[in-house]
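To keep things clear, I will list the structure first and then write my remarks on it.
What follows draws every value from the coordinates through simple rules; no lab data is involved. Note that the structure is predicted; figures quoted are calculated from it, not measured. No Cβ is skipped: glycine too gets one built from the backbone with ideal geometry, and neighbour counts run over all protein chains shown.
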Amino acid sequence: MAIDVNFMAGGEAGQGVQTIGYVLSKALARGGFHVFADQDYESRIRGGHNFFRIRARDSEVRTLSEAVDVLVALNQETIDLHRGEMGPKGIMVLDEGAVKAAGDDGRFCAVPFQRLAEESAQNKLMANTVAVGAALALVGYDLGILRDVVAAHFGAKSGEANAAAAKAGYDYVTVNFKGDLGKRLAPRDGQRRMLLTGNEAIAVGAIASGCKFVAGYPMTPTTSILEYIAGKADEFGMVMVQPEDEIAAVNMVIGAAFTGARSMTATSGGGFCLMVEGLGLAGMTETPIVIVEGQRPGPAIGLPTREEQGDLEFVLHASHGEFPRAVLAPATVEDCFWLTVKAFNLADKYQMPVLILTDHALATSYATVPKFDLSQVKIERGEVLSAAELARVGEYKRHRITASGISPRAFPLEGTALVVTDSDEHNEEGHIIEDAETRTAMMLKRLRKLEGARKEISGPRTYGPKQADATLIGWGSTYGAICEAVDLANRDGLNPGSQSRMKLNAMHFNEIWPFPAAATAGALQGVKKSIAVENNATGQFAHLLRAETGHQVDGKVLRFDGRPLSPAFILSELRREVS
């Protein structure tokens with residue numbers, strides 16, 4: 001029988017919910033399980049309800065499942081809010097003093113969190129580590145793996161004490177709890193996998209791509225990209241700068257890229273608003289930069305720590321005027337790595353800004369991924385002239401008009417070239433002009449780059465049976481939820497128990513612009529009924545699809561309450577669509 005276990009830890013900000021979630025995820029991954037985990041937290045340092053969900057399977061997992069098997073409740077609010085999400089045999093792990101308030105109906109595992117922390121580690125603050133041990137005892141997990149992970153996570157200062165606290169919770173449940181979850185998790189042999197968030201995968205992808213300069217102003221949900229790179233900068237010969245604001249950040253990145261350094265910034269939609277003028281500067285000067293835009297609900301501050309896909313049309317059209325750009329939208333944590341590599345290559349080859357459009361759900365969720373094959377990472381700098389080539393060229397023209405629209409690059413102070421550009425319209429040498437003829441020629445030159453870039457954009461990936469009654473169309477981080485919704489509907493029926501069946505499949509996009517119109521038109525052939533599935537209120541991708549292909553979707557499943565799409569939500573909305 002397939003193994004599929006769902007954990008949730010909940011409590012008040014400051015109680016260590018994230019620690020519980022991460023250590024559980026890491027321990028399960030270390031034991032050979034596929035893991036997917038997400039975290040939900042409010043935008044305050046202390047107070048407010050936080051929870052962390054972890055799903056472990058013996059096969060690939062791309063999203064979360066709603067029914068909770070083990071709920072670790074650090075406070076009464078968690079009990080009240082999530083009691084109804086428990087699966088039929090689910091067990092709640094909670095402090096022994098909370099059982100009376102919860103109502104003891106045999107589904108509660110009472111553990112004296114603080115007392116065990118004080119007895120085992122002489123520190124009541126390690127109560128959350130006691131809870132980790134208690135949770136894994138319910139599934140009979142390997143205590144040795146748990147202790148190793150805890151010791152490594154907390155390090156030399158408190159690793160051994162926390163390991164002792166975890167063991168205390170594990171032993172207490174093993175001896176005192178007589179209930180049975182009906183699910184066991186024995187460590188599995190097989191491939192070792194990394195446990196990464198989407199942000200960490202983007203950061204690693206930037207390092208592997210040879211990025212040398214990063215400037216960014218911290219803003220949820222992309223701050224951890226900047227933190228990760230700052231921690232690795234010395235090791236990999238990088239420069240990481242936190243300037244005074246996002247305007248300074250994007251202009252620093254443009255300056256570094258102009259000198260030849262692969263450069264990147266990371267921000268949210270609100271921060272990107274401030275970068276828009278800089279985006280246009282990169283477009284006019286044909287400077288290759290990479291911008292990670294982590295979407296969150298707006299407008300203004302909106303819900304700063306929640307989920308939404310509301311910035312698609314914004315990034316496609318940001319900045320005044322017309323100039324080439326590329327937009328990539330990773331679907332998975334693994335995608336985050338490989339599309340970051342592609343972003344740097346596209347930026348260099350076509351000398352244009354490239355945007356990686358992610359969102360809170362993908363940026364902060366953990367997933368197990370196989371070790372990246374770095375031999376497959378290709379660094380493509382595009383047309384860069386060597387010193388010897390510059391000597392043969394004679395007079396260097398930074399914006400030389402070519403059939404491809406790509407002008408061979410030279411870097412300032414390298415060789416004999418005088419590298420000139422300007423934010424005003426300019427001629428081939430980079431000097432300001434006002435005449436209509438040169439303006440027309442330079443506009444056409446820049447836009448010709450889209451013809452080449454379009455050939456490098458992959459079309460949609462498909463999932464499920466080739467022939468289906470309805471096709472779910474999504475983009476970016478919705479991939480996992482859509483795929484599982486397809487699987488559940490095809491296995492159990494859209495309305496479980498009903499004799500009528502609707503077969504589903506999916507079409508999903510992770511490379512958005514230049515839009516792969518020809519490949520998409522081919523994929524749409526034979527689609528009987530199309531339903532757009534998006535984390536926004538207006539169906540932005542559906543609008544783009546119609547503009548680029550003429551295809552009007554037959555229905556929409558839209559979520560914009562700040563929470564990520566889930567298989568259950570998609571299926572619930574589909575029932576309304578087809579009823």
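Using only Cα coordinates, the Kirkwood hydrodynamic radius of region 4-186 works out to 15.9 Å.
Rounded to the nearest 500, the 222 nm mean residue ellipticity of the chain from helices alone is -12500 deg cm²/dmol, with -39,500 (n - 2.57) taken per DSSP H run of at least 4 residues.
Each Cα pair under 8 Å and six or more residues apart adds its separation to the average, and for region 131-228 the resulting relative contact order is 29 percent. Separation of the alpha carbons by more than 18 angstrom is noted, of LYS529/LYS556; LYS342/LYS449; LYS26/LYS232; LYS157/LYS232, for LYS26/LYS232; LYS157/LYS232. Once the mean of 1/r is taken over each pair of separate Cα atoms and inverted, region 189-297 shows a Kirkwood hydrodynamic radius of 14.1 Å. Remark: region 526-538, residue by residue, has Karplus-estimated 3J(HN,Hα) of x, 6, 7, 9, 10, 10, 7, 10, 9, 8, 8, 8, 10 Hz, where x stands for each Gly or Pro and the curve is 6.51 cos²θ - 1.76 cosθ + 1.60 at θ = phi - 60°.
Across the chain the C-alpha pair distances fall into 20 Å bins from zero in the proportions 20, 48, 26, 6, 0 percent. Legend: translational diffusion of region 38-81 by Stokes-Einstein, Rh = Kirkwood radius over C-alpha pairs, 37 °C, 0.692 mPa s; D = 265 µm²/s.
Eigen-decomposition of the gyration tensor built on the alpha-carbon atoms of region 216-276 gives equivalent ellipsoid semi-axes of 18, 15, 8 angstrom, largest listed first. Which shape class applies to region 94-236: rounded if a/c is under 1.5, otherwise prolate when a/b exceeds b/c and oblate if not, where a ≥ b ≥ c are the square roots of the Cα gyration tensor eigenvalues? Since a/c reaches 1.5 and a/b is larger than b/c, the shape of region 94-236 is classed as prolate.
In order along region 247-252, phi translates into HN-Hα couplings of 4, 5, 4, 5, 6, 4 Hz, rounded to whole numbers, per the Karplus curve 6.51 cos²θ - 1.76 cosθ + 1.60 with θ = phi - 60° and x for Gly and Pro.
The value of relative contact order for region 196-376, using C-alpha pairs under 8 Å at least six residues apart, is 28 percent.
Since only ALA73, VAL35, GLY47 are under comparison, the one whose Cα sits farthest along the positive direction of the charge dipole of region 20-104, derived from C-beta charges on Lys, Arg, Asp and Glu, is VAL35.
Restricting the GluC sites (Glu not before Pro) of region 199-296 to loop positions (DSSP other than H, G, I, E, B) with no more than 15 neighbouring Cβ atoms within 10 Å leaves GLU235, GLU244.
Dividing the Cα radius of gyration of region 304-372 by its Kirkwood radius returns 1.01 for Rg/Rh.
Normalised by residue number, the volume inside the convex hull of the Cα atoms of region 196-376 is 101 Å³ per residue.
Taking every Cα-Cα distance in region 387-454 and sorting them into 5 Å bins from zero, the calculated P(r) comes out as 3, 17, 25, 22, 18, 12, 3, 0 percent.
Computed from backbone phi with θ = phi - 60° and the Karplus coefficients 6.51, -1.76 and 1.60, the 3J(HN,Hα) list for region 459-475 is x, x, 8, 10, 9, x, x, 5, 9, 8, 6, 8, 10, 8, 10, x, 8 Hz; x is used for glycine and proline.
DSSP beta bridges confined to the chain are antiparallel in about 40 percent of cases. Seen from THR305, the other residues with C-beta closer than 10 Å to its C-beta sum to a net charge of 0, counting Lys and Arg as +1 and Asp and Glu as -1. Highest average first, the peptides 326-337, 171-182 ordered by how many other beta carbon atoms sit within 10 Å of their residues are 326-337, 171-182. Working note: Debye formula, equal point scatterers on the alpha-carbon atoms of region 474-537, no solvent; log10 I(q)/I(0) at q = 0.25 Å⁻¹ is -1.18. Amide H contacts under 5 Å for ASN536: GLN309, ARG559, restricted to partners 5 or more places along the chain or on a different chain, H placed in the peptide plane at 1.01 Å from N. By the Kirkwood approach, averaging reciprocal distances over each pair of separate Cα atoms, region 340-476 gets a hydrodynamic radius of 18.6 Å. Here the contact order of the chain, divided by its residue count and restricted to Cα pairs under 8 Å and six or more residues apart, works out to 11 percent.
Normalised size of region 386-540, defined as Cα radius of gyration per 2.2 N^0.38 Å with N residues, equals 1.65. Remark: region 4-186 carries a charge dipole of roughly 280 debye about the Cα centre, counting +1 on each Lys and Arg Cβ and -1 on each Asp and Glu Cβ.
If one takes the longest principal axis of the Cα atoms in the chain, at what angle in degrees, from 0 to 90 and to the nearest 10, does the Cα axis of helix 269-285 lie? Tilt relative to the chain: about 20 degrees. Using the alpha-carbon positions of region 449-579, Rg (one decimal) and Dmax (whole number) come out as 14.6, 54 Å. Helix 223-232 and the long axis of the chain differ in direction by around 80°, with both axes built from C-alpha atoms. Hey, can you grab everything whose amide H is under 5 Å from the amide H of VAL93? Only 5+ residues off in sequence or another chain; H modelled, so Pro and N-termini drop out. Correct list: LEU71, VAL72, ALA73, CYS109.
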